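Data first, discussion second: the structure below is written as structure tokens.
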Amino acid sequence: MEESDPPFFEFYKNLLEKEDTSKKNVIGVFDNVEEWDLPVIDLSRLCGEGWESAKCKKEIAEASKKWGFFQVINHGVSNDILEKMRYEQMKVFKNTFHVKAKNKCESNFPEGSYRWGTPSATRLRQVAWSEAFHVPLTDISNMGGLTSLSNTMEQFATMVSDLAENIAEILAEQLGHKSDFFRKNCLPSTCYLRMNRYPPCPISSQVYGLMPHTDSDFLTILYQDQIGGLQLVKDGKWIAVKPNKDALIINIGDLFQAWSNDVYKSVKHRVLANKQSQRFSTAYFFCPSYDTMIQSGAENSIYKRFSFREFRQQVQDDVKRLGYKIGLPRFIL
């Protein structure tokens, strides 16, 4: 096997030897996946006449109920910032593995922000063929604010934070809740940016870029390139998401599903590894403080009341013990 950066083949040598990597489609789920267009919602309509704005809000809620995923255009995040974000992200990932792992990049990333693969993997199909910088928003300004990367990350985070709060308030309003819950509980000190790189993978039929999962937040906003690879479950089957260069992708997380009493859906999704091309994406996670209590307020609540801290701890315990996340089923009444 050729060398890779990160050193997947070296680190997972035992797993690769244990499993027959000459077989194709070991995971057995990559064939016959249709490519679909996600719903596209033009957010400029929110500034229109009353009926047009109301229709736009209803479409956001409907997509969150039926898909758990949708795309937004005219979203308020400038193309200039998006292009800078992609450029700066690609530049930092060009550093060698040693530089990234030892936190010796030009930008002073917080300790522990660089992640790659799946350290706890016991089987090949648990390996995530990807690397990432996972950065709390409040740490961006401490990275050395004069660098081009930290400046760009800060501008990007400010814009997508406003977008996330706006979408969350619309979804709450559509449930009949008119509160400042998200403005009070989802602060820059509790939200995250994650820059992802999915390197070319010679054994792309046997490992994921990112394993199937749901997100443990309220909302995720994703800016991705045009390579493709994102897939989600729709009507009980996997579908591939067709990239849209003009759109940001928004998906519902576990907390919103619980908070909405299963009205909005946190949908399982994954990223496939690509044999020829590397893929880049940037994700923003709209999270509350650890002490925030999650409850639906519905008369017949499906889930017991829990804090975000309890939820995160349960997820971590399950992943450590079982090798995968269980999530919301742990909190059903």
The pairs in LYS265/LYS304; LYS84/LYS184; LYS57/LYS265; LYS265/LYS325; LYS268/LYS325 lying past 20 Å Cα-Cα in this model are LYS84/LYS184
For ARG321 and ILE73 in one chain, what is 0.36 nm times their gap in residues minus the Cα-Cα distance, to one decimal in nm?
85.2 nm
Treating the beta-carbon of each Lys and Arg as +1 and of each Asp and Glu as -1, no other charges, what is the dipole magnitude of the chain about its Cα centre, to the nearest 20 debye?
800 debye
Please check the chain for the longest run free of GluC sites (Glu not before Pro) that are loop-located per DSSP (anything but H, G, I, E, B) and have at most 16 other Cβ atoms within 10 Å.
112-298
Starting from the Cα-Cα distance between GLU59 and ALA101, subtract it from 0.36 nm times their residue separation and give me the gain in nm to one decimal.
10.8 nm
For the range 48-131, how big is the tail of P(r) above 16 Å, as a whole percent of Cα pairs?
72 percent
Cα centroids of the range 279-331 and the range 188-221: how far apart, whole angstrom?
17 Å
Tensor-based shape of the range 139-200 (alpha-carbon gyration tensor, a/c under 1.5 rounded, otherwise prolate or oblate):
prolate
In whole Hz, with x marking every Gly and Pro, tabulate ³J(HN,Hα) for the range 271-280 from phi via Karplus 6.51 cos²θ - 1.76 cosθ + 1.60, θ = phi - 60°.
10, 7, 6, 10, 5, 9, 10, 7, 10, 10
If contacts are Cα pairs under 8 angstrom and at least 6 residues apart, what is the relative contact order of the chain in percent?
20 percent
With θ set to phi - 60°, apply the Karplus curve 6.51 cos²θ - 1.76 cosθ + 1.60 along the range 153-165 and write out the HN-Hα couplings as whole Hz, x wherever there is a Gly or Pro.
4, 5, 5, 4, 4, 4, 5, 6, 4, 4, 5, 4, 5
To the nearest 500 deg cm²/dmol, what mean residue ellipticity at 222 nm is calculated for the chain from DSSP H runs of n ≥ 4 alone, each contributing -39,500 (n - 2.57), summed and divided by the residues?
-9500 deg cm²/dmol
In the range 161-197, which trypsin sites (Lys or Arg not before Pro) fall in coil by DSSP and have 13 or fewer other Cβ atoms within 10 Å?
LYS178
Going fewest to most other Cβ atoms within 10 Å around each Cβ, ARG330, ARG305 line up as ARG305, ARG330
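Work out the length of the dipole vector of the range 121-268 about its Cα centre, built from +1 on the beta-carbon of each Lys and Arg and -1 on the beta-carbon of each Asp and Glu, and round it to the nearest 20 debye.
Dipole size: approximately 600 debye.
No lab work stands behind these numbers, since they all come straight from the coordinates. Predicted model, so just to flag it, every value in this text is computed and none were measured. So basically every Cβ, Gly included, is an ideal-geometry build from the backbone, and we count neighbours across all protein chains shown.
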